[in-house]
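Visitor: So that we are looking at the same thing, I have put the structure below in structure tokens.
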Amino acid sequence: MNSQVSLHDEPRTYIGKRQSRVEDEALLRGLGRYADDLAIPPGTLHAAVVRSPHAHARITRLVVDEALKRPGVRGVLTGEDVKLWASPFPVGVRQSMEHWCLAVDKVRHVGEPVAVVIAEDRYLAEDALEAVEVDYELLTPVVDPEAAADDEAPTLHEDVASNVVNDRHFRYGEPDTAFETAQRTLSLKVRYPRNACTPIECYVVVGQYDPAEGGYDVMANFQGPYALHSVMSRALQVPANRLRLRTPPDSGGSFGIKQGAFPYVVMMALAARKVGAPVKWVEDRLEHLQAASSATNRVTTIEAAFDDQGQVSALRFDQLDDCGAYLRAPEPATTYRMHGNLTGAYAIRHLEVRNRIVLTNKTPTGLNRGFGGPQVYFALERLMQRIAVELEIDPLDVIRRNLVPSDAFPYRCAAGALLDSGDYQRGIELGIEQGGLDELLARRDAARREGRRYGIGYTVAVEPSISNMGYITMAQTPEERRRAGLKNGAVSTATVSVDPMGGVSVHVSSTPQGQGHRTVAAQVVADVLGVSLESIRVDVELDTGKDAWSIASGNYSSRFAGAVAGAVHKAALKIHSRLVSIATQQWKVSAEDILFSEGRVYTQDGAHSISFHRLAGATHWAPGTLPESETGGLRETAFWTPAELTAPDEDERINSSLCYGFIFDYCGVAIDALTGRVEIDRYVTLHDAGRMLNPQLVDGQVRGAFAQAVGAALYEAFHYGPDGSFFSGTLADYLIPTTMEVPDPRILHMETPSPFTPLGAKGVGEGNNMSTPVCIANAVADALGDTVEPGDIELPLTPSKVRTLMGIEEPPRPEGVGEDSTETTAGGGSTLAASDDVEIPASPQRVFDSILDPDTLQAMIPGCHSLELTGENAYRADVTVGVGMIRARFDARVELTDLDPPRSLRLSGAGRSGMGDAEGAARIHLTEIEGGHTRLDYDYEVTIGGKIASVGGRMLSSASKMLIGQIFSRLSHQMSGAKVKRSLWQRIKHRLIDRGGDA
Amino acid sequence: MYIRHDDRHQVTLTLNGSERSAHAESRTQLCDFLRHQLGVTGTHVGCEHGVCGACTVIVDGRATRSCLMLAVQAEGRRVETVESLGEMEGLDDLQRAFRDHHALQCGFCTAGILMSCHEFLRRIPDPSEGEVRDMLSGHLCRCTGYTGIVQAVLAVARRRQNHREEEQ
Ligand code: FES
Ligand code: FES
């Protein structure tokens, strides 16, 4: 069902206008009605939650007797009750792991609910928490996703063999051939941290139980998606119509996070059943930060095949997603939300993807504004920047060369996204021109001339909106999908009714969280019915017991402007056409002649005119005077789902969203040399979100997303200790940016309407959450330059992290000093030895030759400024090495000896710097392995003396381990990219021989 | 004298110009007292540890975090909350400026911010943008990115300044 209706016949009075919001007056007067403001039934009790202090433990004993004796305590809900009355939540992958609303045997993250104390007020309930006795048997926690994915790691869920609970491979086009035939390849490993767009209002839930009907009635500031309603009702073991779920009129923000309220809906429903009274729970900030929800942290290895001009032919993604302790619905949706458009704004036809979902002892993840986008773009756009650096060309050229061509829309991406509309090339040109890129480049030049660190970063992104409910099934194999029944679509609903006095009421099931849906819905209806904005009342409370809703209802995936406003439009058109048919009948005119405006319905020629309320009122007051087709009353509900959102196909292509907006961002950042603070000098963001329904609200969405993204880029992260303890439990630890940290972005717009949504609009609320973190990271990378390992650019780029990346730079050796004293011994220093191996995708002979090639050798040595040949396989090198905060600049001798091609050789070096001396040697063995690749084994010994050695043995050994590891991983990376050349010495010899021949 | 945390006290204060009185325990936070005992729910609670600023009210003329103050400490004081702003039938200039500059979205932080701005503009009628940002840095807003808020405050200050000049 996909009716294409346009606004052509309506005089547009409101749509597209910067309309101030109908919501605001009440909110500004303190008259908002948020969840904690609503009246509660007399006798309502209050809950407080006992939570696990441990990341991984077995509950061996839980005793509530003491707690029950505390003043005002009326009951305690425990895992035993939950097992009796409820079921575990259904999970999105086929694995036998159980997630209950309260821990029943084990706890798997700090803050996991263990029991609920129910008392006469919140203070008393909190008092009694300490009286609940819980004994734990501690188990080894797993915190790091890569460690958790190891076969040897302790498992969180005993019935599942591994912490990797889902592992899927996808191949589109011919990536292998593309990689084999590519002129160059480049790979990058990045980590995206845990953070959350945590709203200022925490969760609030009021649960009630009705034993007569056997049903639950819960009010919660839950935001959807309402697919989770079935997850909740199944957990409560009631049919969906026995779980009445209601939302309050106002919400204090969500940004995805309030999806995670659903386990508490079940918990408080059961708590009410336990004590036989309504139970209210208001989450506090510590509970919220440690246990509500989080973005999925991801480790990505991304690889590109490209040519010397930067044209990318293929991409490989290896994504390891850490969903925390439980795979909570709708996860692993983070992994698949972007699946169809993994190639971003680029026309890249060959793609290989491996997605693994791993569980760790951390808070379960869930919806978070940008959902899946920041993770994908962080990898993709960092890689595009690296390609430019590698080729020494302008990053914008790399971007431009790969964009989806302007005449290709709608464009089917490799993995199945159907990019609905756009003109990316024009977007770039507009952005450059109107955002003042030239000026920014001049600012960078000027800053650099003054010796300041200043960088520019770029990002392009497509911003998906209106999720296809079918994308979540990508975690299943095609066979599993077929068996479970194909899922797809995104049903949105809206109801418009006209009362006997002509007042218009609108209801939408989009559960807004501050975006202004009431205003936009009113704008849409006012234009269709020709009535004033003030005469319309929009209701956004959702009551699953009474209102029209569907599984896609709720506030997520930026679906309002495209889908919900479209449904509102459709419902208003139904009212419109009923009124037209009444008028045509009464006036004996044709439908085209009838106009609606300024509260009147009239004919173009002025012969007939009636007020809107009289005409509409007739359906109530005088149905007998109406045409026979009229049933009386005036209320229409519209459901709308787009035809383009089909289920995944046989080749595993999925159009994961209906609309794809375009974003082009760039920014200039300056880095404070003393503190490492990143200051955003200017941020330009261009958006094409199709038709803008209310430009003021669009800008508001962009600004809000941008501010959150600045937080994600520079300040915000959930930190965990190695034992899984949680370090970010207050807003003094979890740093949300304030006015002092958020600059005003320069916002630019263009409009290429979506052909697939009724009003041509697309979502716009999440784009900067996706594009901005990596744009800032690219700028920081540009500012720091080549001394920093690309993979070390990790978010958040806090001052201390950036300062560490910068190091304390030692100036170059002054002329004439130490010229002939590079023979050095580092006597009396600490000696470190270790060994390791690395796999290189090339034959031992090629590897061997490459090490002898001075260009490769220079590229292998991190921080190598210059390498000068002093004899056969002997060099003098100028190298900066960082250990902790210290950065020493070495004048070093590097030598390759004991050559036994292609089996082994020795790489040795000795150097001196103002910070101390170092010498070391590594024995390298090359062994041919499967696929003609090489395993490079090395063992090394390093001796360090002087100031550097004072940083301490542990730090030194990890630093040297990292440094030596970097040498060989850089070699591996060189080998998978550039062609191997002959060694310089060989080349010189050849040249000498050639010349000799000539003579 | 030993005070128990759950001793109950009669607390009387002037709320938005009227004398109000209710019972509070020694430990009851002012924000809870205002919201749940006196029924003025316009003041919100976002962190209960003094960082977010959502709970800001004016006590004896100074912007104050009501989550960091006990109800009993407000005994005999003048407390102003967001409900005191504007007139019966309309918004005041500051509130109107917030609406016009799209300085709020979910509105949860707004009451606290309005109270800080209200007090600030009384003290500093002609602030620079830097001063406004500095004052606002005591508040977290997760929705707006702050631009609209800063603009609204500056616009009101300018308008009031113009009025004063006209009157002279
Ligand atoms: S609730 Fe008082 S400062 Fe956050
Ligand atoms: S308007 Fe939502 S937190 Fe400020």
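The values are calculated or read from the model by the stated rules, or taken from the named source; none is laboratory data. These numbers come from a predicted model, not from an experiment. Every residue, glycine among them, receives a Cβ derived from its backbone with ideal geometry; neighbour counts consider all protein chains shown.
Visitor: Give the residue that is farthest from ligand 2 (Cβ to nearest atom), with candidates limited to residues of segment B:123-168 that are hydroxyl-bearing (Ser, Thr, Tyr) and at the interface with chain A (Cβ under 9 Å from one of its Cβ atoms).
Guide: B:Ser137
Visitor: Testing B:Phe120 on (1) at the interface with chain A (Cβ under 7 Å from one of its Cβ atoms); (2) closer than 23 Å to A:Pro743 by Cα; (3) away from ligand 1 (no atom under 16 Å from the Cβ), one condition comes back false. Which one is that?
Guide: Unmet for B:Phe120, out of (1) at the interface with chain A (Cβ under 7 Å from one of its Cβ atoms); (2) closer than 23 Å to A:Pro743 by Cα; (3) away from ligand 1 (no atom under 16 Å from the Cβ): (1).
Visitor: If you scan segment B:38-64, which residues turn out to be buried (at least 24 other Cβ atoms within 10 Å of the Cβ) and more than 10 Å from chain A (Cβ to nearest Cβ)?
Guide: Selection gives B:Cys55, B:Thr56, B:Val57.
Visitor: Listed residues B:Val51, B:Val40; which is within 13 Å of ligand 1 (Cβ to nearest atom), in contact with a Leu (Cβ under 7 Å, 6 or more places away or on another chain), part of a loop (DSSP other than H, G, I, E, B) and not assigned by TED's automatic domain parsing to the domain that holds B:Ser137?
Guide: Result of the check over B:Val51, B:Val40: B:Val51.
Visitor: Let me ask something additional. Is it the case that A:Glu126 is crowded, with 20+ Cβ neighbours inside 10 Å, of a type in the set (Asp, Glu) and touching a residue at least 12 places away in the same chain (Cβ under 8 Å)?
Guide: no
Visitor: Within segment A:15-67, count every residue that is touching a residue at least 12 places away in the same chain (Cβ under 8 Å) and either more than 14 Å from chain B (Cβ to nearest Cβ) or over 30 Å from A:Arg537 (Cβ atoms) (or both).
Guide: Here the count works out to 26.
Visitor: Same structure, new question: Say we look at segment B:19-37 and pick out the residues that are within 8 Å of chain A (Cβ to nearest Cβ) and either part of a loop (DSSP other than H, G, I, E, B) or near ligand 1 (Cβ under 7 Å from one of its atoms) (or both); which of these is farthest from B:Tyr146 (Cα to Cα)?
Guide: Checking each candidate, the answer is B:Arg27.
Visitor: Could you tell me whether B:Gly86 is away from ligand 2 (no atom under 16 Å from the Cβ), over 27 Å from A:Ile40 (Cα atoms) and either modelled with pLDDT of 95 or more or in contact with an Asp or Glu (Cβ under 9 Å, 6 or more places away or on another chain) (or both)?
Guide: In short, yes.
Visitor: Determine if segment B:65-73 includes at least one residue that is more than 15 Å from the chain's Cα centre (by Cα) and away from ligand 1 (no atom under 16 Å from the Cβ).
Guide: Yes, because at least one residue in segment B:65-73 is more than 15 Å from the chain's Cα centre (by Cα) and away from ligand 1 (no atom under 16 Å from the Cβ).
Visitor: Of these, B:Val45, B:Val57, which one is outside any loop (DSSP other than H, G, I, E, B) and either away from ligand 2 (no atom under 16 Å from the Cβ) or in contact with a strand residue (DSSP E or B) (Cβ under 9 Å, 6 or more places away or on another chain) (or both)?
Guide: B:Val57
Visitor: OK, next. Could you check how many residues of segment A:511-541 are more than 14 Å from every other protein chain (Cβ to nearest Cβ) and assigned to a loop (DSSP other than H, G, I, E, B)?
Guide: 4
Visitor: If I go through segment A:555-610 residue by residue, how many of them are polar (S, T, N, Q) and under 18 Å from A:Ser465 (Cα atoms)?
Guide: Residues in segment A:555-610 being polar (S, T, N, Q) and under 18 Å from A:Ser465 (Cα atoms): 3 in total.
Visitor: I've got another one for you. Would you confirm whether any residue within segment A:306-326 is away from ligand 1 (no atom under 16 Å from the Cβ), within 14 Å of chain B (Cβ to nearest Cβ), at pLDDT 95 or above and more than 30 Å from A:Arg171 (Cβ to Cβ)?
Guide: no
Visitor: Which one is nearest to the other protein chains (Cβ to nearest Cβ), of the residues in segment B:68-111 that are more than 19 Å from A:Arg29 (Cβ to Cβ) and crowded, with 23+ Cβ neighbours inside 10 Å?
Guide: The selected residue is B:Ala71.
Visitor: Here's something else I'd like to know. Does A:Ala115 fit the bill of being buried (at least 21 other Cβ atoms within 10 Å of the Cβ), in contact with a His (Cβ under 6 Å, 6 or more places away or on another chain) and within 15 Å of A:Val64 (Cα to Cα)?
Guide: No: the conditions fail for A:Ala115.
Let's see how each residue does on (1) of a type in the set (Ser, Thr, Tyr); (2) over 13 Å from the mean Cα position of the chain (by Cα); (3) buried (at least 24 other Cβ atoms within 10 Å of the Cβ):
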| position | (1), (2), (3) |
| --- | --- |
| A:Asn297 | no, no, yes |
| A:Ser313 | yes, yes, no |
| A:Arg316 | no, yes, no |
| A:Tyr326 | yes, yes, yes |
| A:His339 | no, no, yes |
| A:Thr343 | yes, yes, yes |
| A:Arg349 | no, yes, no |
| A:Asn361 | no, yes, yes |
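Visitor: One residue is enough: does segment A:608-616 have a residue meeting the conditions of a type outside the set (Val, Ile, Thr) and either part of a strand (DSSP E or B) or in contact with a Pro (Cβ under 7 Å, 6 or more places away or on another chain) (or both)?
Guide: Checked against the condition, which is being of a type outside the set (Val, Ile, Thr) and either part of a strand (DSSP E or B) or in contact with a Pro (Cβ under 7 Å, 6 or more places away or on another chain) (or both), segment A:608-616 yields at least one hit.
Visitor: Check A:Ala178, A:Ala212, A:Ala161, A:Ala153 and return the single one that is surrounded by 16 or more Cβ atoms within 10 Å (Cβ to Cβ), without any contact (Cβ under 8 Å) to a residue 12 or more places away in the chain and more than 14 Å from chain B (Cβ to nearest Cβ).
Guide: Of A:Ala178, A:Ala212, A:Ala161, A:Ala153, the one residue that is surrounded by 16 or more Cβ atoms within 10 Å (Cβ to Cβ), without any contact (Cβ under 8 Å) to a residue 12 or more places away in the chain and more than 14 Å from chain B (Cβ to nearest Cβ) is A:Ala153.
Visitor: Looking at segment A:653-750, what strands (runs of 3 or more DSSP E) fall wholly within it and have at least 1 residues that are within 14 Å of chain B (Cβ to nearest Cβ)?
Guide: Hits in segment A:653-750: A:678-688, A:746-750.
Visitor: Determine whether A:Ile432 is surrounded by fewer than 20 Cβ atoms within 10 Å (Cβ to Cβ) and either in the same structural domain as A:Gly554 (by TED's automatic domain parsing) or within 30 Å of A:Thr856 (Cβ to Cβ) (or both).
Guide: No.
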